[in-house]
């Protein structure tokens, strides 16, 4: 359900006035001036409708899958902690980045948590297991392809870059780099939060099994 809530907020922000969206977006100068809420709200803003569609759809789906294994507050707390970490790292690692919008980091984080729960907790070779494995391979392939394009298909030129034969100015390329970098942050944070949430899930499941086993034993006596 956390994914659906996040996606709904992304759509709500999309339909705000440009002025109000600008108050929520990542802005280096504004954050430095004390507008710390942008470390969170930047993830709800988008430059393109296609990005909004992709991010909101994937995040909503991953949220539904996570609902099988986690509680709503656990995922919400994970997001509240992770979101400012990702935007904060952008500030540190890309000091020349002026503006950024997108939920690529949150999407990557949700994908990592959901697919690893499916792979680890569902029965081996079950439909859910194969679904998790397929989504993981697709996402790794996507990130790998983007990484290859970033590293090998960008030839530096004065005033901009040529990417796949198309001239891209320096500002646009910084946005593309930021999208890729935030996605990498999301992958690492997703793995970290999956480990924490999986420990909680495993402990809760073990306690439930112990309680059911004790109840059956008591009933038999």
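Every number in this text was worked out from the coordinates using simple rules, so none of it is lab data. These numbers come from a predicted model, not from an experiment. Virtual Cβ from ideal backbone geometry, glycine too; neighbours counted across all protein chains shown.
The table below gives the values:
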{"item": "At R0 = 30 Å, FRET efficiency that the Cβ-Cβ distance of residue 17 and residue 138 yields, to 0.05", "result": "0.25"}
{"item": "Rough spin-label spacing in nm, given labels placed 7 Å along Cα→Cβ, for residue 98 and residue 203", "result": "4.8 nm"}
{"item": "Mean shadow area of region 27-106 over all directions, Cα convex hull, nm²", "result": "5.5 nm²"}
{"item": "Residues residue 147 and residue 124, FRET efficiency given R0 of 35 Å [Cβ-Cβ distance, rounded to 0.05]", "result": "0.70"}
{"item": "Highest to lowest packing among 88-96, 19-27, scored as the average C-beta count within 10 Å", "result": "19-27, 88-96"}
{"item": "Ordering of 47-60, 136-149 by burial proxy (mean other Cβ atoms within 10 Å per residue, highest first)", "result": "47-60, 136-149"}
